[in-house]
Every structure is written in structure tokens, then in C-alpha cells.
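Encoded as C-alpha cells, the structure appears first; notes follow it.
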Amino acid sequence: MDTVTLDRPPPTGEGLTFEKVWAMFQESGRRMEEQRKENDRIMEKVALQMEETDRKIGELSNRFGELAEHLVAPAIHERFNELGYHFSAAAEGGYKIRDISNGKTLAQIDILLENDDYIMAVEVKATVRIKDIEHHIKRLEILKEYRSKRHDTRKIQGAIAGAIFGSAEKKAVIEAGFFVLEQSGDTMKLEIPEGFVPREF
């Protein structure tokens with residue numbers, strides 16, 4: 001009969017006990033809890049960093065918008081006067097429509113042009129997006145209701161001005177019945193396609 005040589009001694013039954021197994025489970029649970037807390041701390045830090053990034057992007061976007069307004073406002077009435085509107089000057093800096101009962105701002109218009117027959121509400125964006133069109137429609141509907149309550153029967157039209165206009169966005173603005181004002185060098189170009197009829201509110 002062959003003799004079997006063992007590299008290590010056979011188990012004696014003294015290695016693992018219930019207490020040792022329970023202690024290992026407890027240690028494992030403690031480590032998992034510590035890791036979970038560390039993960040929570042990391043996620044909280046990431047969330048704060050993302051919040052700060054969003055805030056900075058928002059501030060930057062607002063500054064671009066303000067810069068665009070300053071580029072548009074000085075000569076915008078001249079662009080429309082070339083079409084026969086006869087606006088005197090642009091009221092810039094944000095025209096606010098407020099609820100008389102509580103003073104709450106219902107809408108804000110970047111630039112407002114007025115004469116005896118028309119009110120032109122201009123939204124200014126550094127980069128024009130499709131969603132800006134729907135927002136401007138709502139803005140003009142609020143302006144129409146506000147002016148109607150004051151027996152102002154002038155026709156209200158709209159325009160969207162932008163430093164950067166994609167072809168799809170430009171097409172959508174025109175289809176919505178708004179004038180397109182696009183930056184061209186240090187001035188704004190008023191683009192009117194053939195057959196364009198501005199929407200009136």
C-alpha cells in the first residue's frame with residue numbers, strides 16, 4: 001500500500017468556530033458601512049461641484065446675453081425703420097410685465113420698440129435654441145393680455161436676435177412668424193425671406 005505524504009497537517013477542527021465566522025461577518029459589515037459612507041461623501045462632493053459648475057455656466061450665459069443686448073440695442077430701431085416701422089429708440093435693459101395685484105414679474109422682454117401702431121418685442125440670445133421660440137410666444141401672449149387690459153390696441157410683433165443662429169433654429173424662428181436678427185460683424189442684420197409675414201398678437 002502506497003504511503004500518502006501531506007504537505008500540510010490535516011485540519012484539526014480548531015480553525016473556524018462560530019465566533020470567528022461571526023467576527024468576520026461583523027468586520028466585513030463594518031468595512032462595507034465605511035465604504036458606503038465614503039461613497040456618500042464623494043457623491044455629495046461631486047454634487048456640490050456640479051451645482052457650482054451649473055451656477056458658473058448660468059452666470060456666463062447671462063453675461064453673454066447682456067453683451068448680446070448691448071450689441072443689438074443701439075441700432076435695432078434703425079433696422080426696423082428701414083422696413084417703415086418708424087420706431088424712435090429701443091427701450092433696453094429688460095422690460096418687466098408685473099402683476100398689479102402682487103407685483104410679481106409675469107414676463108420680461110429684453111428690448112421693446114414702440115410707435116403709434118406697433119409694439120416690437122425682441123428676445124436676445126447669445127445662442128438661439130428651439131425652446132427660445134416657444135418661450136417668446138408665451139411672453140408675447142402675456143404682453144398682449146397685459147396691454148389689452150389697459151385698452152392698448154396696438155399690434156404686437158416679435159423678433160429673436162442672436163449672435164449664433166443654426167439653420168434649423170433660424171428656419172423655426174421664421175416659421176413662428178418672428179423676425180430674425182443675426183449678428184454680422186459689429187452690427188445686426190435683419191433677415192427677411194421672400195413671402196415672410198410677421199405674426200401679430
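The values are calculated or read from the model by the stated rules, or taken from the named source; none is laboratory data. Just so we're clear, the structure is a prediction, and the values are computed from it rather than from any experiment. Cβ coordinates were reconstructed from backbone atoms using ideal geometry, including for glycine residues, and neighbour counts include every protein chain displayed.
Is at least one residue of region 71-80 over 16 Å from LEU181 (Cα atoms), outside any loop (DSSP other than H, G, I, E, B), at pLDDT 85 or above and among the basic types (Lys, Arg)? Among the residues of region 71-80, not one is over 16 Å from LEU181 (Cα atoms), outside any loop (DSSP other than H, G, I, E, B), at pLDDT 85 or above and among the basic types (Lys, Arg), which makes the answer no. Pairing each residue of region 94-119 that is aromatic (Phe, Trp, Tyr) with any residue that is in a strand (DSSP E or B), provided the two are 6+ apart or on different chains, yields C-beta distances under 7 Å for TYR95/GLN108; TYR95/ILE109; TYR95/LEU112; TYR118/LYS155; TYR118/GLN157. Restricted to region 143-174, and to residues there that are of a type in the set (D, E, K, R) and in contact with a helix residue (DSSP H, G or I) (Cβ under 9 Å, 6 or more places away or on another chain), the residue that is farthest from ILE130 (Cα to Cα) is ASP152.
Which count do you get for residues in region 167-190 that are outside any helix (DSSP H, G or I) and either surrounded by fewer than 16 Cβ atoms within 10 Å (Cβ to Cβ) or under 21 Å from the mean Cα position of the chain (by Cα) (or both)?
Summing the residues that are outside any helix (DSSP H, G or I) and either surrounded by fewer than 16 Cβ atoms within 10 Å (Cβ to Cβ) or under 21 Å from the mean Cα position of the chain (by Cα) (or both) in region 167-190 gives 11.
Of all the criteria given as (1) on the phi < 0 side of the Ramachandran plot; (2) out of contact with any His (no Cβ under 8 Å at 6 or more places or on another chain), the one not satisfied by HIS151 is (1).
Screening LYS138, LYS131, LYS171 for residues that are in contact with a strand residue (DSSP E or B) (Cβ under 9 Å, 6 or more places away or on another chain) and among the basic types (Lys, Arg) leaves exactly one candidate, LYS138.
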